[in-house]
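S.K.: Okay, handing you the structure first.
None of the figures in this text is laboratory data; all of them are computed from the coordinates on show. Fair warning: this is a prediction, and the values are worked out from it, not measured in the lab. Here Cβ is always computed from backbone atoms with ideal geometry, including for glycine, and neighbour counts include all displayed protein chains.
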Amino acid sequence: MSEPSHAGAILTIDLGAIAANYRLLREMVPGAECACVVKADAYGLGMDRVAPALAAAGCRTFFVAQTGEGIALRNRLPEATIHVLNGLAGADPRDFTDHNLVPVLNNLAEIEAWARFCRERGTAFATDIHADTAMSRLGLTGQDVALLAAEPGLAKGISVSHVMSHLACAEEQDNPLNGRQLAAFGGALAALPPALSGKASLANSSAIFLGSDYHFDMVRAGAALYGIAPVAGQPNPMAQVVSLQGKILQVREIDTPQTVGYGATHRAARKEKIATVAVGYADGYLRSLSNSGGGYIGGIRAPVVGRVSMDLTTLDVSSVPDDQARPGALVELIGPHNPIDQVAADAGTIAYEILTSLGSRYHRVYTGGGG
Ligand SMILES: *Cc1c(COP(=O)(O)O)cnc(C)c1O
């Protein structure tokens, strides 16, 4: 992390907003537990700071993707329940039990390996089972579930914490796949033999908004905690968490026709005032924001003109008064005028990718206690 005076931009992460989002989601699922997903360094926002803030707000259960992430989180939160979505992934089962991590077992081979380990140790270590219902990434197929039902001895010795699945289109409330996956998940829960039944978990952030049929015993919220809009095409009820302010290095007045940036993709035909900001694609300010993104200075929009380069981005600040568009001034690249979902739309991607791309050169500031 950079010194404020050396950094090209300041990234502010509001832990109080994350805690408020957690409380809002928890209130929406009164009969279920709200677990928090902090994989990928809490979606780029810093698991070391975000997870303790969530724990202080009352969260007891966390999900990460990888074993290493789980071990890092265990060191931070000795008391939390930590689930690892990617399952054993070839690791030694002891890597989980030594750190009290719950793997999400994703296929029959993992279930057999975990069951063997539990029998050898004479301990039924907790695990989750993932049933695939439309993603075709990880998780047991319907055939696998049927096989386990027919041969429950394969999994003898294990103790299931949660049976889970994951929706493909939860942010689209009218998508008929949601209901089909809900039915398939119910089918998998019913088909698993009693020894492999546990609590049930289906919903990510967006699925919380599909209604109580989707909540089961535990929901797994990630994106909405971090301010990403959970429902496509509807106002975002979540508090904004991230703001990014880029520093203007230089302002150039163009009065003869001139091109701007690599590839000469912007041509200033008239008088134009160009501000060069010290943020580029190396910082996760995506190159696809070239000629489509924008910043705000004093609430006035300054469109990105020309290509975003590795360390620099050029903005047309012609409509911004000179005393505001000057070297050293800060431009809002993400913030109240420019929420992450808008930045993502400008970049042709989703806000998840904007957050997880946020770079390491920013000066990071954490605000809000999160208690
Ligand atoms: C990432 C992930 C989540 C969290 O999803 P959000 O859309 O960020 O709320 C939940 N479940 C699984 C299996 C995931 O991979």
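S.K.: Quick check on the range 15-226: take the gyration tensor over C-alpha atoms, sort the square-rooted eigenvalues as a ≥ b ≥ c, and tell me if it's rounded (a/c under 1.5), prolate or oblate.
M.R.: Oblate, because a/c is 1.5 or more while a/b does not exceed b/c.
S.K.: Further question on the same structure: Which of the peptides 72-81, 50-59 is most tightly packed, and how do the rest follow, judged by the mean count of other Cβ atoms within 10 Å per residue?
M.R.: 50-59, 72-81
S.K.: To continue, here is another question. Would you tally the net charge around residue 280, using a Cβ to Cβ cut-off of less than 14 Å, leaving residue 280 out, and scoring K and R as +1, D and E as -1?
M.R.: Here the count lands on +2.
S.K.: What's the extension gain from residue 159 to residue 66 if we count 0.36 nm per residue and subtract their Cα-Cα distance?
M.R.: Gain on stretching residue 159 to residue 66: 31.4 nm.
S.K.: With unit charges on the beta carbons (Lys and Arg positive, Asp and Glu negative) and the dipole taken about the Cα centre of the chain, which residue among 357, 297, 152 sits farthest to the positive side?
M.R.: Farthest along the dipole direction, towards plus: 297.
S.K.: Would you list, by chain and number, the aspartates and glutamates whose Cα falls below 19 Å from the Cα of residue 273, excluding same-chain residues fewer than 8 positions away?
M.R.: Within the straight-line limit of under 19 Å, residue 273 reaches these aspartates and glutamates: 253, 255, 316, 322, 323, 332.
S.K.: Please give me the summed charge of the neighbours of residue 306: other residues whose Cβ is under 13 Å from its Cβ, Lys and Arg +1, Asp and Glu -1.
M.R.: +2
S.K.: Ok, one more. With only Lys, Arg, Asp and Glu charged, each at its Cβ (+1 for the first two, -1 for the last two), find how big the charge dipole of the chain is about the Cα centre; round to the nearest 20 debye.
M.R.: So the dipole magnitude of the chain works out to roughly 360 debye.
S.K.: Around residue 16, with a cut-off of 14 angstrom between Cβ atoms, what is the net charge of the other residues, counting Lys and Arg +1 and Asp and Glu -1?
M.R.: +1
S.K.: Could you work out how far helix 47-56 tilts from the main Cα principal axis of the chain, as a 0 to 90 degree angle to the nearest 10?
M.R.: Here the helix axis deviates by roughly 60 degrees.
S.K.: Here is a follow-up. Determine, for each peptide in 313-323, 87-97, the mean count of other beta carbons within 10 angstrom over its residues, then list the peptides with the highest first.
M.R.: Peptide ranking by packing, descending: 313-323, 87-97.
S.K.: So for each of 232-244, 213-225 I average, over its residues, the number of other beta carbons within 10 Å; can you give me the resulting order with the highest mean first?
M.R.: 213-225, 232-244
S.K.: Given R₀ = 45 Å, FRET efficiency for residue 264-residue 236 by Cβ-Cβ distance, to 0.05?
M.R.: After rounding, the FRET efficiency stands at 0.75.
S.K.: Among the lysines, which have Cα under 27 Å from the Cα of residue 156 when same-chain residues fewer than 8 positions away are ignored?
M.R.: Straight-line reach from residue 156, under 27 Å: 199.
S.K.: How far, in degrees from 0 to 90, does helix 176-191 lean away from the longest principal axis of the Cα atoms of the chain, to the nearest 10?
M.R.: The answer is roughly 30 degrees.
S.K.: Going toward the positive end of the dipole of the chain, with +1 on Lys and Arg Cβ and -1 on Asp and Glu Cβ, which of 65, 134, 276 do you reach last?
M.R.: The residue sitting most towards the positive pole is 276.
S.K.: Right, next: Based on DSSP H runs of at least 4 residues, each adding -39500 (n - 2.57), what is the mean residue ellipticity at 222 nm of the chain after dividing by all its residues, to the nearest 500 deg cm²/dmol?
M.R.: Here the helix-only value at 222 nm equals -8000 deg cm²/dmol.
S.K.: Compute the length gained on full extension between residue 199 and residue 23: take 0.36 nm times their separation in residues and subtract their Cα-Cα distance, giving the result in nm to one decimal.
M.R.: My answer for the length gained is 61.2 nm.
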